[in-house]
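Handing you this structure, nothing more for now.
The values are calculated or read from the model by the stated rules, or taken from the named source; none is laboratory data. Since the structure is predicted, the reported quantities are computational estimates derived from the model, not experimental observations. With ideal geometry, Cβ positions are generated from the backbone for all residues, glycine too; neighbour counts draw on all protein chains shown.
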Amino acid sequence: MTDYQLIGMAFIIIISVILVLLWKTRQSNQTHRYFPRIIKKISKHYMKNVLIPDAVEGSSFIDWMVLTPRGVLIISQKPYQGMIFASENISHWTQVVDRRSYSFDNPLRQLEVDVVTIKTLVPGVPVKGYVVFDRNSFFPKGKPKIVLTLNEIKQNISVFKEGEISDELKQAWDKLRGMLKEGVDAGQEYSGLNTSSNFG
């Protein structure tokens, strides 16, 4: 093989890698844009990156808090693609993408703390939480009941919107807005993870 052929092959490989990286970046950006669109379709009353008091850590963030006719909806945003291996009773979950695996803390535990915290701030108001993953994620071994994908949220928007927001719920929401602060992209960090994208 001549030097020119080697250079040509190296050039093709480099271009291919760049194109793959650009595609993954585009997918990731689409995912981050898609989350807010879904939230806005559920309700016009929402807060993002909500700073809340935490008895253990001092404070923590809720990615999305939404007022619906059924109460306050808390969404923990996990824009992870690929295979997700998850269970209520294990401390770490695993994402597998491009034949690589990434471990992350079980998000249900923090979600449970967040739900309890909001309930203490507005006693008597129904509060429900979900962990929501990317629309291109799937769970080959099954997933917990309160874990959804963006596609599942999208398919159930009418369920979340069903009914009218009562005056009592609106007052509770105004109270929360007065007590809590919104951050600017100050929520979760996805270090090491591939993010390329009914109140029962």
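Six or more apart or on different chains, Cβ under 7 Å: which pairs go from a residue in the stretch 137-154 that's more than 15 Å from residue 77 (Cα to Cα) and among the charged types (D, E, K, R) to one that's loosely packed, with under 14 Cβ neighbours inside 10 Å and at pLDDT below 95? Could you list them?
Final answer for the pair search is none.
Additional query: Please indicate, with yes or no, whether at least one residue in the stretch 71-92 is of a type in the set (D, E, K, R), farther than 21 Å from residue 143 by Cα and in a loop (DSSP other than H, G, I, E, B).
no
So which residues in the stretch 52-94 are at pLDDT below 85, more than 18 Å from the chain's Cα centre (by Cα) and either within 24 Å of residue 41 (Cβ to Cβ) or not aliphatic (A, V, I, L, M) (or both)?
The answer is 53, 54, 57, 58, 59.
Next question. If I ask for residues that are within 13 Å of the chain's Cα centre (by Cα) and not hydroxyl-bearing (Ser, Thr, Tyr), which ones from the stretch 137-174 would you list?
Matches in the stretch 137-174: 146, 147, 148, 150, 151, 152, 153.
On the given criteria, is residue 104 surrounded by 15 or more Cβ atoms within 10 Å (Cβ to Cβ), of a type in the set (Phe, Trp, Tyr) and closer than 20 Å to residue 178 by Cα?
No; evaluated as a whole, the condition is false for this residue.
Has the stretch 39-47 got at least one residue that is at pLDDT 65 or above, surrounded by fewer than 14 Cβ atoms within 10 Å (Cβ to Cβ), outside any loop (DSSP other than H, G, I, E, B) and at negative phi?
yes
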